[in-house]
Amino acid sequence: MGVTDPAGPVMDRDEVDRALARLGAEHEAVETSLLALQDHAGRRLLEGAELTGTTKERWASADASITLLWAYFDAYTDALRSARDIRSRRRWSSREDLVELTELLRGECVTVAGSVSTEATANAPTLGSAAGKLSHRFSLVSLVERMNELYATSLDMVVAADAVWSALPARIDLLAAELQRTRKLAHSVGVRPGEHPAGDDLERITRTLTSLREQVVSDPLAYWVAAQGSSAPGGGRPDTTVYDREARALEEVRREIDAVLTVRQDAEQRLVKLRDVLSRADRTLAEARTARGEVLAKIAATEVPVVSGPPTALQEQLATAAEYRRHAQWHRLSPLLESLEQKAEDELLRARESLSAVTQPLAVRAELRGRLDAYKAKVARHGLAEDRFLIERYDAARRMLWSAPCDLRVAEQAVLRYQHAAAELLTAPPAADQGGPQDRRGPGA
C-alpha cells in the first residue's frame with residue numbers, strides 16, 4: 001500500500017466505507033444535538049431576555065459559540081458530502097480515488113473562512129494560534145472534537161440558566177402571594193410598618209423578594225452553584241440561600257401575627273384572669289399587713305419585715321391593656337398581656353412570700369406550743385404528770401408562750417428545759433420508794 005503525506009497510509013475501500021459510516025453517524029448525532037440546542041427553551045429565553053451581569057457575559061460567549069458551531073457543522077457537512085461523492089463515483093474506487101479519500105478523511109482538509117470564525121467568536125474562546133488567520137484548517141476528527149467542546153460549554157450555560165429560571169421565579173411568586181395574604185391579615189389586626197416590628201419585617205421581605213426576582217430574571221447564573229467535580233452539562237443546583245432566608249423570616253412573622261390573632265380571640269378571658277391574680281396578690285398583701293400588726297403585738301424582740309403596698313404600676317398597665325382591647329389595638333395588646341401575665345404571677349408570689357415572712361414568728365410560737373403539749377402528754381402516759389419539778393418547768397414555759405408579748409428566744413429555752421427534764425426522768429432507772437415526791441431541782445433551784 002502506498003503512502004501519502006501527511007495523511008498516512010492510503011486507506012482501502014473497506015476502511016473508507018467504515019470511516020464514512022462512522023462519520024455519517026457522528027454527523028447525525030451532532031445535527032440532532034444542535035437542533036435540540038436550537039430548540040431548547042432556555043436558549044430561546046436567553047435570546048429574548050434583557051440580561052445583566054455574569055449571565056450577559058456568558059451568554060454573549062455561548063451565543064457566539066453556537067454560531068460558530070453551525071459554521072463548523074456546515075463545513076463538516078460539505079466535507080462529508082464531498083467524500084461520499086468521491087466514493088460513489090464507481091463501485092470499486094480507483095487508487096487515485098482512495099488517495100483523495102484518505103486525504104479528505106484523515107488530513108486537515110476542512111477549511112473554515114477566517115472571517116466566519118472571527119465574527120462568530122468575537123466573544124468566544126478560539127483556537128489561540130489560529131486567531132487572526134485568513135482561514136482555519138481542521139481534520140474531520142479534530143473538527144468533531146472542537147464542536148463537542150463548544151457544544152458542552154454552550155449547553156452547560158443554557159441548562160444552568162434554564163434550571164434557575166425554572167426553579168426560583170415560580171417559588172418567589174408563590175412566596176410573594178403568601179406575603180400579600182400575610183400583609184392583609186397583618187393590617188386587619190393593626191400590624192403596620194412603623195407601628196409594629198412585624199410590619200417592618202413584612203416591608204423588608206417585600207423589598208427583598210422584589211429585588212431577588214428582578215436579579216434572578218436578568219442574571220440567573222448569579223444564583224447557580226456548580227457541582228464540584230461534575231463534568232456533565234448543567235451539573236449543579238440553583239442557589240436558594242436568599243429565598244430560604246426570606247421564607248423563614250415570613251414564617252416567623254406569620255407566627256407572630258397568629259399570636260396577635262389569638263390575643264384578639266381570648267383577650268377578655270386573659271384580662272379577667274389578670275385581674276383575678278392581681279386581686280389575690282392585693283388580698284395576700286392586706287393579710288400580711290394585718291398579720292404584721294398581730295405579730296408586733298404578740299411577739300417581742302422580733303424583727304418583722306415591712307409589707308409593701310399594692311403594685312399601682314401593674315394596675316395602670318392593666319388599665320392600658322383594657323384600653324387597647326376596647327380600641328382593637330391587638331398588636332399592642334399582645335406583648336403587653338404577655339408581660340403583664342408574667343409580672344402578675346411574680347407579684348402574687350412576692351405577696352405570698354411576704355405573708356410567710358411576716359407570720360413566721362407566729363408559726364414558731366405555734367410549733368413551740370405544740371411541742372410543749374406533746375411532751376406533757378408523753379409524760380402523762382408514763383405516770384409522771386404529778387412530778388412537782390416537771391410541773392414547775394411546764395408552767396414556766398406555758399406562761400411564756402401564752403403571754404403577750406411573747407419572747408420567742410426565752411420561751412424556746414423554757415420549752416427545751418422542760419424537754420430535757422422530762423427526758424432525764426423518763427430514762428432514769430426506777431428508784432426505791434423514798435416516801436413522798438423527790439426534789440430534783442438541785443441546790444439553789
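Name every residue in the range 208-241 that is open to solvent by 70 Å² or more (accessible area, probe 1.4 Å) and not in a helix (DSSP H, G or I), in order of residue number.
Scanning the range 208-241 gives GLN228, GLY229, SER231, ARG237.
Keeping to the range 8-50, report how many residues are in contact with a Phe, Trp or Tyr (Cβ under 7 Å, 6 or more places away or on another chain), farther than 23 Å from VAL110 by Cβ and open to solvent by 20 Å² or more (accessible area, probe 1.4 Å).
1
On the basis of being open to solvent by less than 40 Å² (accessible area, probe 1.4 Å) and either under 17 Å from GLY236 (Cβ atoms) or outside any helix (DSSP H, G or I) (or both), does ALA186 make the cut?
Against the criterion (open to solvent by less than 40 Å² (accessible area, probe 1.4 Å) and either under 17 Å from GLY236 (Cβ atoms) or outside any helix (DSSP H, G or I) (or both)), ALA186 does not qualify.
I'd like the full set of residues that are among the β-branched types (Val, Ile, Thr) and within 30 Å of ALA319 (Cα to Cα), limited to the range 230-277. Break it down stepwise before answering.
Residues of the range 230-277 that are among the β-branched types (Val, Ile, Thr), as a first pass: 240-242, 253, 257, 260, 262-263, 272, 277.
The answer is VAL253, ILE257, VAL260, THR262, VAL263, VAL272, VAL277.
Quick check on the range 274-295. Is at least one of its residues assigned to a strand (DSSP E or B), touching a Gly at 6+ places or on another chain (Cβ under 8 Å) and at pLDDT 80 or above?
No - not one qualifying residue is present in the range 274-295.
Could you say which residue among ASP244, ASP162 is surrounded by fewer than 20 Cβ atoms within 10 Å (Cβ to Cβ), closer than 28 Å to ALA49 by Cα and in contact (Cβ under 8 Å) with a residue 12 or more places away in the chain? Quick ask: steps written out before the conclusion?
Working: ASP244 fails: in contact (Cβ under 8 Å) with a residue 12 or more places away in the chain.
The match here is ASP162.
Give the residue, chosen from ALA64, ALA71, that is surrounded by fewer than 20 Cβ atoms within 10 Å (Cβ to Cβ), within 60 Å of the chain's Cα centre (by Cα) and farther than 24 Å from ASP17 by Cβ.
Result: ALA71 is the single residue among ALA64, ALA71 that is surrounded by fewer than 20 Cβ atoms within 10 Å (Cβ to Cβ), within 60 Å of the chain's Cα centre (by Cα) and farther than 24 Å from ASP17 by Cβ.
Looking at (1) crowded, with 20+ Cβ neighbours inside 10 Å; (2) over 30 Å from ALA396 (Cα atoms); (3) out of contact with any Phe, Trp or Tyr (no Cβ under 7 Å at 6 or more places or on another chain), which is the only condition ASP258 fails?
(1)
Could you list, ordered by first residue, the pairs with Cβ atoms under 6 Å in which the first is in the range 170-191 and among the charged types (D, E, K, R) and the second is buried (at least 19 other Cβ atoms within 10 Å of the Cβ), at least 6 apart or interchain?
Listed by first residue and then by second, the contacts come to ARG183/LEU202.
So if I check each of LEU390, LEU372, which one is in contact with a Phe, Trp or Tyr (Cβ under 8 Å, 6 or more places away or on another chain), under 17 Å from HIS420 (Cβ atoms) and without any contact (Cβ under 8 Å) to a residue 40 or more places away in the chain?
Going through LEU390, LEU372 in turn, just one is in contact with a Phe, Trp or Tyr (Cβ under 8 Å, 6 or more places away or on another chain), under 17 Å from HIS420 (Cβ atoms) and without any contact (Cβ under 8 Å) to a residue 40 or more places away in the chain: LEU390.
The values are calculated or read from the model by the stated rules, or taken from the named source; none is laboratory data. All values reported here derive from a predicted model rather than from experimental measurement. Every residue, glycine among them, receives a Cβ derived from its backbone with ideal geometry; neighbour counts consider all protein chains shown. We work out accessible area using only protein heavy atoms, side chains counted, and drop any ligands, DNA or RNA first. Shrake-Rupley method; radii C 1.70, N 1.55, O 1.52, S 1.80 Å.
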